[in-house]
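Everything below concerns the one structure shown next.
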Amino acid sequence: MKFGYFDDPNREYVITQPDTPLPWINYLGCQAYFGIISNTAGGYSFYRDARLRRISRYRYNNTPMDFGGRYIYLRDDDSTEFWSPSWQPTRTDLENYSCRHGMGYTTIGSQYKGIEASTRYFVPMDENLEIWQLTVTNHRSTPAKISSFANIEFCLWDAQDDATNFQRNFNTGQVEVEDGVIYHKTEYRERRNHFAYFACSEKDASFETQRENFLGKYRSWDKPLAVENGQLGNSIAHGWSPIGAHQVKLELAPGETRQIVFVLGYHENPVAEKFDPPGSQTINKKTVKPVIAKYLDARQADASFAQLRQHWESLLGIMQVNTPDIHTNRMVNIWNAYQCMVTFNMSRSASFYESGIGRGLGFRDSNQDLLGFVHMAPARARERILDLAATQLPTGGAYHQYQPLTKRGNNDIGGGFNDDPQWLIIGVSSYLKETGDFSILDEPVAYDNEPGSEKPLYDHLLRSFNYTLERLGPHGLPLIGRADWNDCLNLNCFSDTPGQSFQTTTNKEGKVAESVFIAGLFVYAGRELAAIASHRNLNAEAATYLAESAKMEKVTLEHGWDGEWFLRAYNDFGGKIGSKECAEGKIFIESNGFCTLAGIGLDDGKAASALAAVGEHLATKHGIVVQQPAYTRYYIEMGEISSYPPGYKENAGIFCHVNPWVMIGETRLGHGDLAHDYYSRICPSAREEISELHRCEPYAYAQMIAGKDAPTFGEAKNSWLTGTAAWNYYAIVQWILGIRTTLGGLEIAPVVPKNWPGFTASRTYRGVVYKIVVERKGEGNSVALAVDGVKIDGSVVPPPTDGRTEVAVHCTLS
Ligand code: BGC
Ligand code: NOJ
């Protein structure tokens, strides 16, 4: 069953039924001001940091689900009936409800008793504000008197404190109202130099700033007293819960349409110029007023919207494909690329599952996110890499997370996740392959942000590499530390105390437990590093990295091989994890996926054997599960992985992040059909038809789909903010379609299904548009290339040096 449809030409998903299985959200903003918005206008906004600069309030895990939002009520002033055109909060039975989620905007509309209303929400480029453009049309044959009530509930900035510290917060709320603009200025009197505002293009019939006056005692948002009465109280909030509400009265002739523009924004003043007049307690509004005036103009709003559309048009235009598979096209051309930008902007902070108050930016996560967005935002990728590297520790280790506002490593979680450093090599390598900007390697970057400790970025990569070599266990495999990619495989934790963090509790010395996954990661990263070194003519160094890589490959094949597949790890007792010998957790996806992706065992059949075993034991119709058999009880020596009931999350759930490792592995074996089949099993668009089972958005990847051991097999959770976005994008574009960045140029080496007659693609790479035509002449994956009609050797097309800005690449597959 579907709850809407894809409108690909407009790059929108159109939801036609408001009661989706879960709130289906979208993101507003792509620079500094952000919001999440659901299909019924739920969600909230923040400036830069979802915890510390939360602008509006949201109630996570509430009933009904998805509460707090950008709500507008319409009231028929003749009949006194009122409703929400976005369905929530009144949940009136609407006609023609639709929500169009597009690239950085959402439009929600419906009709009720002859009154059509639609609101377009978006954040203009380069501004710290959002626009709500409300259009109301009277389709009746008689004039209509309609009041609109637009409303926002302010958050008192620190979202964590806002949800817990009531003894203080019920006293601090402050607002100002001037020229019809509602200013939220809680804590502005003391240490804040920022405030929020909510403005309206039409003259207010009335306004309200105190929540209780708006709702009435013991009422909720579905039946606000003030809306019922058709009149707001014009009161000024002192303490309690400040809101911004505007009432506008419209008299609409039959067929008449009117538009109202609302602007919700964030503004900072220089500390010395906070007040006007100086010495008063009144906000200095000199610099904000022109901004407000500008965007309340509907023509400006339209122009800004067109600019936003243009922004996404050019970003997505960098990589466009046309294949025989509609899901591949739609995900690559639109939604997966979009999700990659969202995960870059948000990291793991704000979604329906990430509360915006938790995690900072993950070192491992952010480096992997680069794989998905580097071609769309290379300058920001460069900045992100340098920020990440500056949180690296002198040992080569890394803080597992850093805080986006301070860009400092997070002491609460610390380091010791032994895969982290290798991801920096992979992130930097993806940047170099895209841009060819080797100057980044010479950028001086501090360790742990310590002034004076700066070393070229290249040095950071070497320390990453050595970090692993300096931490090998009894078999010569890398020690796992607190965890590797699988945050829940906590082999040194041994926690028996409820509530203790699995990620930060360490009760063992950590000198025994080893990770075969990190071994595969190291082999791969070592080769990337060697390629970078030889590109800089550091041939002796390159040889060393290759030698170390080869040594680790050998150890992996010797001590990380279980006969049919790769082991996962050795535990603190030196026992095997992910082996036939284990009662549960006999085979894992991570080591088998990453080792084959890294090319380990390609020559001697081990890679083929490992992936065949993955296909046999782990693959399901909804995707590939993490391991089998699932852990049926808590094992103190395993940690969080065994804390989840079977089939969920890391305990045999379908982790969509790691499925692409197997897809890539299959392409390395030349299996285009199977690689694309695995791709399709978890592809959100391909799962649209089973939305009632999948439940999450059909246009965004979710972190997890419940595995076969779970009663809810096939149900997705934790959509949007996951490494799944980047890895699936990378797997389909670079390995299945085979349009792959390398240090020397763009490689074209597709491994696509046999029944594809071919496909076309347009890829802008290092300033040159590659127009690619792939034609299948035989069933295999051998590639013959011609560039502008001239045959070339090999599969890499270097950017032309003769000034051409477009090249035609013809690729024959046989
Ligand atoms: C989750 C992991 C996540 C970790 C982050 C765990 O509870 O299962 O997926 O990476 O928390 O701290
Ligand atoms: C989510 C985390 O963000 C990611 O870093 C980790 O690799 C996976 N969970 C698996 O545990």
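The values are calculated or read from the model by the stated rules, or taken from the named source; none is laboratory data. None of the values given here were measured: they were computed from a predicted structure. Here the Cβ is made from the backbone with ideal geometry for all residues, glycine too, and neighbour counts use every protein chain on show. The protein model used for the area step is the full one, side chains on, heavy atoms only, and it has no ligands, DNA or RNA in it. Shrake-Rupley method; radii C 1.70, N 1.55, O 1.52, S 1.80 Å.
Highest mean first, what order results for 136-143, 671-678 on Cβ atoms within 10 Å?
Values: 136-143: 15.5, 671-678: 21.4.
Taking the mean over residues of other Cβ atoms within 10 Å, the ranking is 671-678, 136-143.
Please work out the FRET efficiency for the pair residue 5 and residue 273, using the Cβ-Cβ distance as r and a Förster radius of 41 Å; give the result to the nearest 0.05.
Approximately 0.20, to the nearest 0.05.
Taking Rh as the Kirkwood radius, which is the inverse of the mean 1/r over Cα pairs, what is the Rg/Rh value for the stretch 353-466? Don't skip to the end; give the middle numbers.
Details: Rg = 13.1 Å, Rh = 13.9 Å.
Ratio value, two decimals: 0.94.
Where in the stretch 223-240 does the amide nitrogen come within less than 15 Å of the point 7 Å from the Cα of residue 77, taken along Cα to Cβ?
Taking a point 7 Å out along Cα→Cβ of residue 77, the residues of the stretch 223-240 whose backbone N falls under 15 Å are 227-233.
In the stretch 519-591, what is the volume of the convex hull around the alpha carbon atoms, normalised per residue and reported in Å³?
Working: hull volume 6.3 nm³, N = 73.
So the per-residue Cα hull volume is 87 Å³.
Express the carbon and sulfur contribution to the solvent-accessible surface of the stretch 389-472 as a percent, rounded to the nearest whole number, probe 1.4 angstrom.
49 percent
Tell me, what is the per residue accessible area of the chain in Å², probe radius 1.4 Å?
Value for the chain: 35 Å² per residue.
If each residue of separation counts as 0.36 nm, what is the full-extension length gain between residue 792 and residue 494 once their alpha-carbon separation is subtracted?
101.5 nm
For a quick check of understanding: with a 1.4 angstrom probe and all protein chains in place, what accessible area in square angstrom does residue 810 have, to the nearest ten?
60 Å²
What is the Å³ per residue value for the convex hull set by the Cα atoms of the stretch 576-672?
96 Å³
How do 170, 344 rank by accessible surface area computed with a 1.4 Å probe, from largest to smallest?
Correct descending sequence by accessible area is 170, 344.
Rg and Dmax of the stretch 200-353 over Cα atoms: what are they, in angstrom?
21.9, 68
Can you tell me what the convex hull of the Cα atoms of the stretch 711-814 projects to on average, as an area in nm²? Each step should come with its number before you reach the end.
Values: hull surface 35.3 nm².
Projected over every direction and averaged, the Cα hull of the stretch 711-814 covers 8.8 nm².
Using a 1.4 angstrom probe and counting only protein chains, how large is the accessible area of residue 106 in Å², to 10?
Approximately 0 Å² for this residue.
Distance from a point 7 Å along Cα→Cβ of residue 633 to each backbone N in the stretch 642-661: keep the residues under 17 Å and list them by number.
642-646
Kindly provide the pair-distance distribution of the stretch 662-733 built from C-alpha pairs, with 5 Å bins from 0 and whole-percent values in order of increasing distance.
3, 17, 25, 23, 19, 10, 3, 0
Between residue 602 and residue 160, with labels modelled 7 Å along Cα→Cβ, what's the label distance in nm to one decimal, could you check?
4.5 nm
As a test of reading the structure, rank 557, 215 by solvent-accessible area (1.4 Å probe, protein chains only), most first.
Descending accessible area places them as 557, 215.
Can you give me the distance in nm between label points at residue 805 and residue 190, each placed 7 Å from the Cα along the Cα-to-Cβ direction?
Going by the 7 Å Cα→Cβ label model, 5.6 nm.
Give me the three principal axis extents of the stretch 20-149 from the C-alpha atoms, as integers in angstrom, largest value leading.
Result for the stretch 20-149: principal-axis Cα extents of 48, 33, 22 Å.
Would you tally the net charge around residue 628, using a Cβ to Cβ cut-off of less than 9 Å, leaving residue 628 out, and scoring K and R as +1, D and E as -1?
So the environment of residue 628 carries a net charge of 0.
Could you tell me the relative contact order of the stretch 264-386? Use alpha-carbon pairs under 8 Å, at least six residues apart, and round to a whole percent. Can you show the working numbers first?
Details: 71 pairs, mean separation 17.0, N = 123.
For the stretch 264-386, the relative contact order is 14 percent.
Would you mind calculating the relative contact order of the stretch 647-774 from Cα pairs under 8 angstrom and at least 6 residues apart, reporting the percent as a whole number?
That works out to 24 percent.
Please state the shape class of the stretch 470-610: rounded when a/c is under 1.5, otherwise prolate if a/b exceeds b/c and oblate if not, all from the C-alpha gyration tensor.
Because a/c hits 1.5 or more and a/b fails to exceed b/c, the stretch 470-610 counts as oblate.
Net charge within 15 Å of residue 706 by Cβ-Cβ distance, Lys/Arg positive one each and Asp/Glu negative one each, not counting residue 706 itself?
Counting the neighbours of residue 706, the net charge comes to +3.
Considering only protein heavy atoms and a 1.4 Å probe, what is the carbon-and-sulfur percentage of the accessible area of the stretch 212-362?
53 percent
Over the stretch 427-523, one equal point on each Cα, no solvent: what is log10 I(q)/I(0) by the Debye formula at q = 0.14, 0.22, 0.25 Å⁻¹?
Rounded to two decimals, the profile gives -0.72, -1.07, -1.16.
Calculate, for residue 19 and residue 314, the FRET efficiency according to 1/(1 + (r/R0)^6) with r their C-beta to C-beta distance and R0 30 Å; round to the nearest 0.05.
E(calc), rounded to 0.05, equals 0.25.
Per residue, how much space in cubic angstrom lies within the convex hull of the C-alpha atoms of the stretch 408-464? Could you put the intermediate results ahead of the total?
Numbers: hull volume 5.1 nm³, N = 57.
With only Cα atoms used, the stretch 408-464 gives 89 Å³ per residue.
Ranked highest first by the average count of other Cβ atoms within 10 Å around their residues, in what order do 701-710, 318-327 fall?
Result, highest mean Cβ count within 10 Å first: 701-710, 318-327.
Sort 7-18, 434-445 for me by packing, meaning the mean count of neighbouring Cβ atoms within 10 Å per residue, highest on top.
Top of the packing list down: 7-18, 434-445.
Give me the distance in nm between label points sitting 7 Å out from Cα along the Cα-to-Cβ direction at residue 282 and residue 538, one decimal.
In this crude spin-label approximation the distance works out to 6.2 nm.
Hey, any idea what % of the stretch 123-173's accessible area is carbon plus sulfur with a 1.4 Å probe?
Carbon and sulfur: 49 percent of the exposed surface of the stretch 123-173.
Semi-axes of the stretch 137-251's equivalent ellipsoid from the Cα gyration tensor, sqrt of 5 times each eigenvalue, largest first, rounded to whole Å? Provide the component values of the computation, followed by the final result.
Values: eigenvalues 170, 51, 23 Å².
Those come to 29, 16, 11 Å.
Sum up the charges of everything whose Cβ sits under 10 Å from the Cβ of residue 181, counting Lys and Arg as +1 and Asp and Glu as -1, but leave residue 181 out.
For residues surrounding residue 181, the net value is -2.
By how many nm would the segment from residue 547 to residue 760 grow when fully extended, if each residue of separation counts as 0.36 nm and the alpha-carbon distance is taken off?
That works out to 72.8 nm of additional length.
Under 18 Å from the 7 Å Cα→Cβ point of residue 140, by amide nitrogen: which residues of the stretch 71-90?
Only 73-85 pass the distance filter.
Bin by bin, in steps of 10 Å, what percent of the Cα pairs in the chain do you find, going until the bin that has the longest distance?
P(r) over the chain, rounded to whole percents: 3, 13, 22, 24, 19, 12, 6, 1, 0.
Which percent, to the nearest 5, of DSSP beta bridges fully inside the chain are antiparallel?
Counting DSSP beta bridges with both partners in the chain, the antiparallel share is about 95 percent.
Which FRET efficiency value, to the nearest 0.05, do you get for residue 297 and residue 257 by plugging their Cβ-Cβ distance into 1/(1 + (r/R0)^6) with R0 = 22 Å?
Between residue 297 and residue 257 the formula returns 0.80.
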